[in-house]
Amino acid sequence: MSDSNGFTDKNLSNVVEDLAQTPVNSHQAQQIQQDKNDRRHQDALNHDKSTDLKHFKS
């Protein structure tokens with residue numbers, strides 16, 4: 001979990017800490033699961049296929 005300079009990636013370490021939580025009740029478990037789903041969805045959006053540029057006018 002380090003970048004090219006050898007420093008720890010703070011964003012990645014925060015995500016790992018957030019996802020490593022143990023829920024204390026069903027509501028917190030649901031919140032943690034929804035957070036995981038939101039992260040997956042955002043990651044999918046960030047890695048979506050490239051835009052078809054034929055539809056844009058110059």
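Descriptive notes on the structure:
- Within the range 33-54, not a single residue is modelled with pLDDT of 80 or more and of a type in the set (Ser, Thr, Tyr).
- Qualifying residue in the range 17-25 (condition: surrounded by 11 or more Cβ atoms within 10 Å (Cβ to Cβ), modelled with pLDDT of 75 or more, assigned to a helix (DSSP H, G or I) and not hydrophobic (A, V, I, L, M, F, W, C)): yes
The values are calculated or read from the model by the stated rules, or taken from the named source; none is laboratory data. Quantities reported herein were computed from a predicted structural model and do not represent experimental measurements. A quick note on method: Cβ atoms are made from the backbone with ideal geometry, for glycine too, and the neighbour counts reach across all protein chains shown.
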